[in-house]
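Undergrad: I'd like to ask some things about the structure below.
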Amino acid sequence: MFALLLALSACAKTPEPERAFRNTAVPIYSSAVLDAASLAGRWQQVGTFAAEAGGCRGGMVSFGPSGAQGLPVEADLCLDGQRARYRGNARLVAPGRLQLEAAEGALAEPWWVLWADADSRTLVIGTPSGRMGFVLERGGVTSPDRLKAAREILDWNGYSLAGLQMF
């Protein structure tokens, strides 16, 4: 009987840990000076983290004006090679930190705005778990200097740039 139990336990699958693209031992920081009103509008996804090349292409995020129900959000993103969609409201839970209401999967994690350039053209979003991170751009074209800054911010927050894919 013991041999049978040992054989069955050897066959049992251990669930794989969720993939993380950042070293969670490294502190992560959100933008304390972010003005939620500066998020309003449509943003093109120009970068994401993925374990393998390919998968899906960049998507978009639209933020509406903040109101009594929160901040309206519509997202169609490529995260780790898979499409992730959301339509609903987000709450600003702390400076530079959004929580999408009733979101699922990776999108259910708090979105930390790691960096926004001074003119609100480039936005870098990550999560403390490192399960996702992405770069958004108004107009879809990132200048070399803003791309360099986005990469530096991600690196400084513990992300492994080896997994960063630009679209």
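Undergrad: Quick one: order THR24, THR142 from most to least accessible surface, probe 1.4 Å.
TA: Working: THR24 90, THR142 35 Å².
Largest accessible area first, the residues go THR24, THR142.
Undergrad: In Å², what does the accessible area per residue of the chain work out to with a 1.4 Å probe?
TA: Numbers: 9060 Å² over 167 residues.
Value for the chain: 54 Å² per residue.
Undergrad: Kindly rank 116-127, 83-94 from highest to lowest mean number of other beta carbons found within 10 Å of each residue. The partial results should precede the final answer.
TA: Numbers: 116-127: 19.3, 83-94: 15.8.
In decreasing order of mean packing, 116-127, 83-94 become 116-127, 83-94.
Undergrad: Something else: Could you check the simple spin-label distance between MET166 and MET60, using points 7 Å along Cα→Cβ, in nm with one decimal?
TA: Each label point is offset 7 Å from its Cα along the Cβ direction, giving 2.2 nm.
Undergrad: Please get the size of the charge dipole for region 32-167, origin at its Cα centre, with Cβ charges of +1 on Lys and Arg and -1 on Asp and Glu, quoted in debye to the nearest 20. Mind showing how you got there, number by number?
TA: Numbers: 13 positive and 14 negative charges, 37 e Å.
Its charge dipole is roughly 180 debye.
Undergrad: Among ALA162, GLY140, ALA36, flag the residue with its Cα farthest along the positive direction of the charge dipole of the chain, charges on Cβ as +1 for Lys/Arg and -1 for Asp/Glu.
TA: Value: GLY140.
Undergrad: Where does helix 2-11 land angle-wise versus the long Cα axis of the chain, in degrees 0 to 90, nearest 10?
TA: That works out to roughly 30 degrees.
Undergrad: So what is the diffusion coefficient of the chain in µm² per second by Stokes-Einstein at 10 °C and 1.306 mPa s, using a Kirkwood Rh over Cα pairs? Numbers along the way, then the final one.
TA: Numbers: Rh = 16.7 Å.
Translational diffusion coefficient: 95 µm²/s.
Undergrad: Next up: In degrees from 0 to 90, rounded to the nearest 10, what is the angle of the helix 144-156 Cα long axis to the longest principal axis of the chain?
TA: Value to nearest ten degrees: 40.
Undergrad: Further, regarding this structure: Considering only protein heavy atoms and a 1.4 Å probe, what is the carbon-and-sulfur percentage of the accessible area of the chain? Don't jump to the answer; show the numbers that get you there.
TA: On the way: 5040 of 9060 Å².
Whole-percent figure for carbon plus sulfur exposure: 56.
Undergrad: Shape call for region 114-167 from the C-alpha gyration tensor, a ≥ b ≥ c root eigenvalues: rounded (a/c under 1.5), prolate (a/b greater than b/c) or oblate?
TA: prolate
Undergrad: Please compute the contact order of region 15-167 in relative form: average sequence separation of alpha-carbon pairs under 8 Å and at least six residues apart, divided by the residue count, as a percent.
TA: Working: 347 pairs, mean separation 46.0, N = 153.
Taking the mean separation of contacting Cα pairs over the length of region 15-167, I get 30 percent.
The values are calculated or read from the model by the stated rules, or taken from the named source; none is laboratory data. Note that this is a predicted model, so its numbers are computed, not measured. Quick reminder, even Gly has a Cβ in these numbers, built from the backbone with ideal geometry, and neighbours come from all protein chains shown. Side chains included, ligands, DNA and RNA excluded: accessible areas come from the protein's heavy atoms. Shrake-Rupley method; radii C 1.70, N 1.55, O 1.52, S 1.80 Å.
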